Amino acid sequence: MRTPRARPALSLSTHLRLVLLVGLLAPSKQAAGQSPPCPPLDTTAAWARTNRTWSNESGLHWSNDSLRRALLRLGERDQAPRAEFGARVADTLYVRQLMRLDSTLAAEMVLILDRFGLPTRSMVGPAGSDAAMLIIQHSWPLQERALASAKAIPAGQISPEKLAMLEDRVLVHQGKPQHFGTQFNAGPDGVFRFAAASDTAGLEARRSAAGMPPMRQYVCLLEEAGMRVDRASLPPAFRP
């Protein structure tokens with residue numbers, strides 16, 4: 001993560017989990033003074049069914065419940081200070097505190113990865129795996145390692161949504177176009193701008209297959225959560 005001295009240039013998926021990584025289908029809270037809320041999420045759409053199928057733990061059994069519980073606690077620690085992120089992204093002290101927390105949680109995740117490998121659906125259930133991915137998404141030193149591990153295990157063991165976000169994170173950090181349109185970079189003005197993407201004509205189809213809502217809905221949710229998005233930075237097809 002490259003960060004200026006005063007206000008870190010942050011990737012959206014590095015620090016925002018309020019909307020998309022914790023209860024994607026749950027309604028977000030609208031900040032006072034914002035524009036009208038986003039249209040309701042279409043829970044019958046293919047992307048929503050994919051996301052829901054992954055998250056469903058009914059009848060599932062996993063092999064390491066103690067690790068699952070530890071991961072869920074890490075996820076709670078990660079989320080606790082982030083509810084106000086949209087409104088405080090330009091607050092240098094706040095962002096530094098988040099980065100220190102990320103570093104602490106990443107150190108604990110390293111121990112888990114070294115001992116158990118990448119936590120998977122069969123190991124810790126969907127919620128446990130998602131919690132692990134949450135911590136990994138917040139730590140650049142872990143991301144390439146986790147992406148390589150995820151691609152080496154059978155499909156269906158890692159959330160397709162979380163895997164897509166991780167792939168985008170790694171690509172953008174490497175200076176390459178993202179594939180799923182999950183990444184926005186915050187400038188010193190606190191405004192988020194869309195990171196370059198490849199094959200934007202096929203972007204919506206890739207997002208749907210990964211369990212992500214359409215780009216217009218995604219941007220609306222980000223704004224509803226308090227982000228200031230430069231819509232002019234979006235590909236033309238996704239601008240108002």
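Accessible area, 1.4 Å probe, largest first: how do K162, K151 sort?
The ranking, largest first, comes out as K151, K162.
Could you put L101, L203 in order of accessible surface area, largest first, with the 1.4 Å probe and the full protein assembly present? Each step should come with its number before you reach the end.
Numbers: L101 35, L203 0 Å².
The ordering from most to least exposed comes out as L101, L203.
Tell me, what is the FRET efficiency for S122 and A201 to the nearest 0.05, using R0 = 35 angstrom and their Cβ-Cβ distance as r? Don't skip to the end; give the middle numbers.
On the way: r = 36 Å, r/R0 = 1.02.
After rounding to 0.05, the efficiency reads 0.45.
Taking Cα centroids, how far is the range 84-108 from the range 137-162 in Å?
Taking the Cα centre of each part, the range 84-108 and the range 137-162 sit 22 Å apart.
Can you compute the FRET efficiency between V110 and D42 using 1/(1 + (r/R0)^6), with r the Cβ-Cβ distance and R0 = 51 Å? Round to the nearest 0.05. Kindly include the intermediate steps, with their values, before the conclusion.
On the way: r = 39 Å, r/R0 = 0.76.
Computed FRET efficiency for V110 and D42 comes out at 0.85.
So what does E224 come to for accessible area, using a 1.4 Å probe and Å² rounded to 10?
We get 20 Å² for E224.
At 1.4 Å probe size, with no ligands or nucleic acids counted, give the accessible surface of I153 in Å², nearest ten.
Probe radius 1.4 Å; accessible area of I153 about 50 Å².
Ordering W140, W54 from largest to smallest accessible area (1.4 angstrom probe), what's the sequence? Write out the running numbers ahead of the final one.
Details: W140 55, W54 20 Å².
Solvent-accessible surface, decreasing: W140, W54.
Can you send over the solvent-accessible area of T53, 1.4 Å probe, protein chains only, in Å² to the nearest 10?
That residue has around 100 Å² of solvent-accessible surface.
Which of rounded, prolate or oblate describes the range 107-200 when judged by the alpha-carbon gyration tensor and an a/c cut-off of 1.5?
Cα axes put the range 107-200 in the prolate bin.
Report the Cα-based extents of the range 89-129 along its three principal axes, largest first, to the nearest Å.
Projected onto the principal axes, the Cα atoms of the range 89-129 cover 40, 20, 8 Å.
Shape of the range 30-166 from its Cα gyration tensor (a ≥ b ≥ c, root eigenvalues): rounded if a/c is under 1.5, otherwise prolate when a/b > b/c, or oblate? Numbers along the way, then the final one.
Numbers: a/c = 1.95, a/b = 1.16, b/c = 1.68.
Here the range 30-166 falls in the oblate category.
Set the Förster distance to 41 Å, then compute FRET efficiency between L60 and S103 from the Cβ-Cβ distance, nearest 0.05.
0.80
The values are calculated or read from the model by the stated rules, or taken from the named source; none is laboratory data. The shown structure was predicted, so the numbers you read here are calculated from the model rather than taken from an experiment. Because the Cβ atoms are built from the backbone with ideal geometry, glycine has one as well, and the counts that use them run over all protein chains shown. Note: areas computed on protein heavy atoms with side chains; ligands, DNA, RNA excluded. Shrake-Rupley method; radii C 1.70, N 1.55, O 1.52, S 1.80 Å.
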